[in-house]
Every structure is written in C-alpha cells, then in structure tokens.
Amino acid sequence: MAEKIEFIPVLLGSDINVYGMARSFHEEYGISSVAIGKGILGPCTASKIVTVEVVEPNLEDDEVFVSTLLNFARRYEGSGKKLLLVPCGDNYIKLLVRNQEKLRGVYEFECIDEELLMRLSIKESFYQVCTEHGFSFPKTITCSYEEHQNLELPFDFPVIIKPSNSVAYWNCKFPHKKKVFVAETREEFDAILTAIYSSSYKDHLILQEYIPGDDSNMRVMNCYCGRDKKVKLIALGNALLEEHSPEGIGSYAAIINGYDEKLAEMMRGFLEGIGYVGFANFDMKYDSRDGTYKLFEMNLRQGRSSFFVTAAGYNLAKWLTDDVIYHKDMPCTVATNKVLWTIIPKKIIFRYVKDEAVKAEAKELIRQGKICHSYYYRGDRSLKRWVHYMKNQYHYFEKYKRYFGNKGLRD
C-alpha cells in the first residue's frame, strides 16, 4: 500500500457549507481544516475542526483573491503538506476558475474552464444546455432592466422571480429583499421588479411559472465528477422543508435521501456530456402534473445542504481527496442509504411539513437513530459552541413563525 500523502484542506468561505466540508474531512481523516473568507460566520465560530485563518473583506476582487491565497500558501512552504483547495460558494468557484493558472502548482484542485463556467452559471444559457440534454425545466423567460416595465408574460400567475446573476444580486440592497420572490398577482409582480431594479442590480431576472406543490416536492442532487470527467458519485435528496427567511428561501432545511435510477442516469449523461469536473449541485421540483422533474438551477459546487450525502455514508471529502490528492480510479457510486439530515429542530419539521407519509418516514428514521444535524457534532463540542448552537436553533422558531410561506414584497 502506497504511503499516504499529507494534506491540509483549505476551504473558501465560513458558512454552513464550509462547516459541513470541514466535518467531512474530520470524520474521514481526523484532520482539521483551515478557511479563508470575507468574515467569520456562526457555523465556523469557536470550532476545533475548522479555523478561519485569513479574513479578507475584499476577497472577491481577483487580484486580492490571488495574492491572499499565494501569501497564505507561503506559511506551509517546506512542510511537505499539499494544500487541497475547496471553494464553497458561487463567488469562490468563479474566482478560482478565472485565476486557476495562477494557483496551479501551489494548491491542489480541479475545476472547469471559464467558457463552461459561463454557460452553466448564467441561467439563460444553462437552460439551453438543459434542452440539449433532455432535461425539463419550468416555462421560463428572462427580463432585462430596459424592458421590465409592462412586460408580457406567456404563463399565468403565480410567477417566480429570481436573479440571473446571483453574485451581483447578493451585493445589492433594497427594502424587503428576498433570495427568491413569488408574485401572486400582476400588481405584486410589477412592484417586485420595480423594487429590484431600483437597487444596484441591473442584470437580467429569471421569470418562471410556479410548479405546484409544497417544499416536500423539491429535490436536490449532488454529484462529484473526477479529473477524467467521469461521474464518481450521485446522491439524490428529497426535501422536507426549505428555509423561509428572506435570505434563505430556496435553501434546504431538512432532507431525506432518495433514489431514482432513471434520473441518476440522465444526470450522469448530462455531466459527462458537457465534460464537467468537480462538485455539482442541482435543484429541481417534482411536477405531479406530468410526472417529471423540473430543473431549476445548477450550482457549480457542493451545496450548503450537501452534508446529507456524508451523513448517509458517502463522505464528500473522501471522493474529492481520492480523486485530487491520491489520483485513485473510482467507479460511479449511486447513493442508496437513507438518513434524516436537518439544520432545524425536529419540532419545526413536524409542525410545518404537511405530507403525512413524509413525516412518518422522518419519525421512523429518528426511531432508528438515523438523524444528523450539520451544526451539532460530537467531535466539535465546547460551551461556546453549544451556546451558538442553541441560539441558532431558537431563532429558527422565530423565523418560521414570521416568514413561513412569505415570498412576497413584505416582511
């Protein structure tokens, strides 16, 4: 057996996604991760398994990004340890793709080229790629700043409104801002577009038909594609609840692993057909009207809920490390194990999930001890962290009471 190469995971960001990856590395290898981000968020505060070693508010500037990473790498010169770079946000994957040649040889990573990144990260072109590969998606049109007034819609209300450029939207501000809006009427629709375009955001908006059904009709699929551009891991999750706070709409709060062989094969053909490399995360919704999955978007990274894959026994850090560090040959694994993954208290799940069959499955998994909370980890306990965890969980009761079902232009 070959001697194992020592490495250090360098995670970009400090949110729950970063913590989930740090936990994956700790569970698999017993090692702690380091992180570089614009700040230190709650999930990575007072942690023994991940330390935010560099805080750089201007990290999204390309020159600052490169110089920060190169300067950080000098700390480990002569250590004999490889630095495994793991971007954990849309902004960070874009920065890495744009600047990959300046970082190769200093960090270990694999990523796609900029041309493919642009095709997949701008939603209009992403839907073109979906059409080419046979994926269904909601009826969709785009809206520009110049044409947003008196726009004719080719489908009925309700209408979903979301940004085409998520990074630019993240950086804009306006009253009652939400990650995603749902307009129930024409008057509400016009008011939302006016509010968005009154901010610094001037890029396109995506306007979509609303697919009927509650949160439990949502699906998330996580995949890993190796250096050879072959799919190595496919894991499907059935959502129980999404977050409903303005900044969290569309993010999953509780998931039970699922399995759909036909969907897995379609996704494998899609990813290998476009020559994808790295983690990919897909949001979709089951449409009971025609029995198909409608694809909403593709994130070019693991998602903030992706720890549900590790929790079920398919450690994301292992797939990444085996490929990028150890260069192992790996077959394609389609996940079949089940667990209840959550970032919210169990009481909220049973209070707000409507589907009785879904609740019954959740209760059975809890009875079997197959439940995992991303934030709560026995390998990372301390009084300060316990206080953070309890505050975090308490606030979810307030958020769901205040915001559940509110996707309009109001608090």
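The values are calculated or read from the model by the stated rules, or taken from the named source; none is laboratory data. Being a predicted model, the structure only gives us computed values, none of them experimental. Heads up, the Cβs are rebuilt from the backbone with ideal geometry, glycines too, and the neighbour counts pull from every protein chain shown.
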**OP:** Scan region 196-229 residue by residue and report those that are in contact with a Pro (Cβ under 9 Å, 6 or more places away or on another chain), among the charged types (D, E, K, R) and either free of Cβ contacts under 8 Å to residues at least 60 places away in the same chain or closer than 22 Å to Phe270 by Cα (or both).
**Re:** Asp203
Original post:
Got at least one residue in region 177-197 being surrounded by fewer than 18 Cβ atoms within 10 Å (Cβ to Cβ) and of a type in the set (Ser, Thr, Tyr)?
Top reply: yes
Original post:
Here are some residues: Val64, Val86. Which one is within 21 Å of the chain's Cα centre (by Cα) and at pLDDT 95 or above?
Top reply: Val86
**OP:** Please note which strands (runs of 3 or more DSSP E) are completely contained in region 1-92 and include at least 1 residues that are touching a residue at least 12 places away in the same chain (Cβ under 8 Å) and among the hydroxyl-bearing types (Ser, Thr, Tyr).
**Re:** 33-37, 50-55
**OP:** Scan the strands (runs of 3 or more DSSP E) fully inside region 156-240 and keep the ones with 1 or more residues being among the polar types (S, T, N, Q).
**Re:** 205-209, 218-225
Subject >> Extreme residue, farthest from the chain's Cα centre (by Cα), among residues of region 135-165 that are closer than 15 Å to Gln208 by Cβ and small (Gly, Ala, Ser) >> reply: Ser136
Original post:
What residue, among those in region 205-224 that are touching a helix residue (DSSP H, G or I) at 6+ places or on another chain (Cβ under 7 Å) and of a type outside the set (A, V, I, L, M), is farthest from Leu241 (Cα to Cα)?
Top reply: Tyr224
Original post:
Out of all the residues in region 142-159, which are within 15 Å of Glu124 (Cβ to Cβ) and either modelled with pLDDT of 95 or more or among the aliphatic types (A, V, I, L, M) (or both)?
Top reply: none
Subject >> Considering residues of region 15-35 that are out of contact with any Lys or Arg (no Cβ under 8 Å at 6 or more places or on another chain) and buried (at least 24 other Cβ atoms within 10 Å of the Cβ) only, the residue nearest to Phe72 (Cα to Cα) >> reply: Ala35
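Could you identify the single residue in Leu236, Leu207 that is over 30 Å from Ala335 (Cβ atoms) and either among the aliphatic types (A, V, I, L, M) or outside the structural domain of Gly275 (by TED's automatic domain parsing) (or both)?
Numbers: Leu236 fails: over 30 Å from Ala335 (Cβ atoms).
Just a single option satisfies the conditions, and that option is Leu207.
Going through region 49-98 one residue at a time, which ones are polar (S, T, N, Q) and over 28 Å from Glu115 (Cβ atoms)? Full working, then the answer.
From region 49-98, those polar (S, T, N, Q) are 51, 58, 67-68, 71, 79, 91; that's our starting set.
Thr51, Asn71, Ser79 - these are the residues of region 49-98 that are polar (S, T, N, Q) and over 28 Å from Glu115 (Cβ atoms).
With Ile16, Ile93, Ile49 as the choices, which residue is closer than 27 Å to Ala253 by Cβ, within 18 Å of the chain's Cα centre (by Cα) and either of a type outside the set (A, V, I, L, M, F, W, C) or modelled with pLDDT of 95 or more (or both)? Reasoning before the result, please.
On the way: Ile16 fails: either of a type outside the set (A, V, I, L, M, F, W, C) or modelled with pLDDT of 95 or more (or both); Ile49 fails: within 18 Å of the chain's Cα centre (by Cα).
So the residue among Ile16, Ile93, Ile49 that is closer than 27 Å to Ala253 by Cβ, within 18 Å of the chain's Cα centre (by Cα) and either of a type outside the set (A, V, I, L, M, F, W, C) or modelled with pLDDT of 95 or more (or both) is Ile93.
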**OP:** Give Ala311, Ala280, Ala317 a once-over and let me know the one that is in contact with a Leu (Cβ under 7 Å, 6 or more places away or on another chain), aliphatic (A, V, I, L, M) and buried (at least 23 other Cβ atoms within 10 Å of the Cβ).
**Re:** Ala280
Original post:
Of all residues in region 43-67, how many are crowded, with 17+ Cβ neighbours inside 10 Å and hydroxyl-bearing (Ser, Thr, Tyr)?
Top reply: 1
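In region 313-332, is there at least one residue being of a type outside the set (Gly, Ala, Ser), under 15 Å from the mean Cα position of the chain (by Cα) and either closer than 17 Å to Asn217 by Cα or modelled with pLDDT of 95 or more (or both)? Step through it out loud before you land on a result.
Here is the first cut: in region 313-332, the ones of a type outside the set (Gly, Ala, Ser) are 314-316, 318-332.
With the extra rule that they be under 15 Å from the mean Cα position of the chain (by Cα), the set shrinks to 316.
Subsequent filtering for residues that are either closer than 17 Å to Asn217 by Cα or modelled with pLDDT of 95 or more (or both) retains 316.
Looking for residues that are of a type outside the set (Gly, Ala, Ser), under 15 Å from the mean Cα position of the chain (by Cα) and either closer than 17 Å to Asn217 by Cα or modelled with pLDDT of 95 or more (or both), one finds at least one in region 313-332, hence yes.
Count, please, the residues in region 1-34 that happen to be among the aliphatic types (A, V, I, L, M), touching a strand residue (DSSP E or B) at 6+ places or on another chain (Cβ under 9 Å) and farther than 22 Å from Trp341 by Cβ.
Restricting attention to region 1-34, the residues satisfying the condition of being among the aliphatic types (A, V, I, L, M) are 1-2, 5, 8, 10-12, 16, 18, 21-22, 31, 34.
Imposing the further condition that a residue be touching a strand residue (DSSP E or B) at 6+ places or on another chain (Cβ under 9 Å) reduces the set to 5, 8, 10-12, 18, 21-22, 31, 34.
Cutting the leftovers down to farther than 22 Å from Trp341 by Cβ gives us 5, 8, 10, 12, 31, 34.
Residues flagged as among the aliphatic types (A, V, I, L, M), touching a strand residue (DSSP E or B) at 6+ places or on another chain (Cβ under 9 Å) and farther than 22 Å from Trp341 by Cβ within region 1-34 amount to 6.
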Original post:
Which residue out of Gly269, Gly275, Gly291 is in contact with a helix residue (DSSP H, G or I) (Cβ under 8 Å, 6 or more places away or on another chain) and of a type outside the set (Asp, Glu)?
Top reply: Gly275
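Would you check if Ser200 is hydroxyl-bearing (Ser, Thr, Tyr) and buried (at least 18 other Cβ atoms within 10 Å of the Cβ)?
On the way: hydroxyl-bearing (Ser, Thr, Tyr): yes; buried (at least 18 other Cβ atoms within 10 Å of the Cβ): no.
No: the conditions fail for Ser200.
How many of the residues making up region 71-94 are of a type in the set (S, T, N, Q) and more than 16 Å from Val34 (Cβ to Cβ)?
Step one: filter region 71-94 for residues of a type in the set (S, T, N, Q), giving 71, 79, 91.
In the following step, the residues that additionally are more than 16 Å from Val34 (Cβ to Cβ) were identified as 91.
The number of residues fulfilling the criteria is 1.
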